[in-house]
Structures are given as C-alpha cells and as structure tokens.
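To keep things clear, I will list the structure first and then write my remarks on it.
Laboratory data are not the source of any read-out in this text; all were calculated from the coordinates shown. Keep in mind that this is a model prediction, so the values were computed, not measured. Cβ: placed from backbone, ideal geometry, glycine included. Neighbour counts: every protein chain shown.
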Amino acid sequence: MKGSEKVWKYFRNSFFDAKSEDELSSIRQASEDLCIERSTIREHISNLEDSKELVVFTRDDSDKDIPIPRFGKYFVQDLNRDIISEIKENLRDRRSYLKGMAFREPTVEEVAESFGRSMTQEFDELFRNAVSDTEWLSPSHKQIENGEEKLQSYVETVFPTRLFWTKDKLHPQEFSKDVIEWDENYGDNLTDFNVDSVARAESENSEELAKVFVEASNPLAKFMEEPSFTVYARPLDGYWENR
C-alpha cells in the first residue's frame, strides 16, 4: 500500500470512528500508529490536500491540525464547534427538516442532494452514522407515494395565502393546526414558485377568484405528486381594475 493511501485510510477511519473531535487522531498519533515519521506524515497529508482527498482544519485555540476526509468539510458550518458533533447535528437537522416538509423519512440520496452533494459510499456511511441512534429507516415506495399526496394537498392549500395580492389568511377557524404549523415551518419554500399566468375564473360562483397556474421548483417540487398545478385565490379588492 502506498504511503499516501495508507495515511488517507488511517484518517478516514479515524473520522468515521470518532464520536467527538477529541477522538480524532492527531498527526503525532498517526506517526506512532503507522510507524512513520511526522515529517513524512505531513508530506503525505500535503499530497492528499493537493489531490482533494483530505482537508486540514487548524484550531485557533490550540494550533492543533485536524485532517479529515475532504467531503466532511461540506457539512461543517461553525469551525469553533466540535467538528464531529457539528457534522452529525447538521445531518440530523437536515433529515428532520426534510421529514417534516415531505411527510415521510427522506432517503439518503435526498439528504445528499439537499446539501448539493453527490451520493457516495462515504456520504451514506456518514449519514447513517449520524442517525444511528434514531429510528430512521429508508422509506418504502408506498410511504413515498403517501408523502407526495399529502404534500400536494398542503401546498395547494397554503399557496394562495402566500400570494402578495391575496387577502386569504391561515386563520385557525378555517385551517387545521397541522396546516398552520406546516406553513410556519416550510411555507417560505413557496416563495420559489413561479406564477406563470393569472386569469379571472369564468365560473358564475367564482366571486372574482383568480386562477393561478403554478410550476413548482425545488426544494418542494421533487417531493410532490405533481409539481405543476392550478389553484384559485381571491384577489385583493380592486386587483382586477388595476391590472
């Protein structure tokens, strides 16, 4: 095994085995465990940084160098925190967010995509490690279908109230508690929707309802049953006269 590959696997395994940053192997520890001079270890690390396989964080409070697999850096938001705990918390938070938004557990691929990352064996291992103490299970085809159907109904219910010209509101007298809570947590995603056309409804009983065609975009679209749909919304008084 080549020296750099040996060092890469050493720090990779340290990264996945650690429960906190304190358990990550240092360069000195790697030197002792691998029986390689520290200067040589640093040379291998430099090569691995150049080939984008390792990234090294340096702690300001201790000047400690922390080599971790490069893909791990994409899930670190605050370098002043424990790196391992930060990564796991971010992955768990993203899983929880997607679960609440889509009414089902997300797949590993969906979590990776939400970070803008490709699905890899490393990400799969990282995510499963982060949620190992929870009841996460990859969703079945039926659970995905049920989630799409429920999300579709919530989006179509909430969307009209998010239009700037509507006077509809999510009053408790008209909407269920679950719908109101979903809107509070995920309704901001609806700002990414594109209203392509607005036309007066032709029904005699429309009471001046606007017919709105909506083309959904991510992050909601991929979880929905049908991301292109039509809703009806009541315009503000005077809307039609000012068009």
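What the table below lists for this structure:
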| read-out | value |
| --- | --- |
| Stokes-Einstein translational diffusion, region 69-200 - Kirkwood Rh over all Cα pairs, 0.692 mPa s, 37 °C, in µm²/s | 193 |
| 24 Å Cα-Cα threshold exceeded, pairs from 142/222; 99/222; 52/222; 19/64; 2/64 | 52/222; 2/64 |
| Loop trypsin sites (Lys or Arg not before Pro), region 32-72 (other Cβ atoms within 10 Å of the site Cβ: 16 or fewer; DSSP) | 52, 59, 64 |
| Kyte-Doolittle mean at least -0.5, axial Cα span of 27 Å or more - DSSP H helices of the chain | none |
| Counted charge near residue 218, where neighbours are those whose Cβ lies closer than 12 Å (Asp, Glu -1; Lys, Arg +1) | -3 |
| Alpha-carbon centroids, region 107-151 and region 1-74: separation in whole Å | 28 |
| For region 3-74, convex hull volume per residue from C-alpha positions, Å³ | 89 |
| Per-residue [θ]222 nm for the chain (sum of -39500 (n - 2.57) over DSSP H runs n ≥ 4, rounded to 500) | -13500 deg cm²/dmol |
| Correct choice for volume of the Cα convex hull per residue in Å³ that was computed from the model, options (i) 239; (ii) 154; (iii) 179 | (iii) |
| Hypothetical label at residue 19: residues of region 78-97 whose amide nitrogen lies under 19 Å (7 Å Cα-Cβ projection) | 82-92 |
| Sequence-distant lysines (8 or more away, or on other chains) whose Cα lies within less than 17 Å of residue 169 | 177 |
| Projected area, mean over directions - region 35-119, Cα convex hull, nm² | 7.1 |
| Spacing of the two label points (7 Å from each Cα toward its C-beta) at residue 79 and residue 157, in nm | 4.5 |
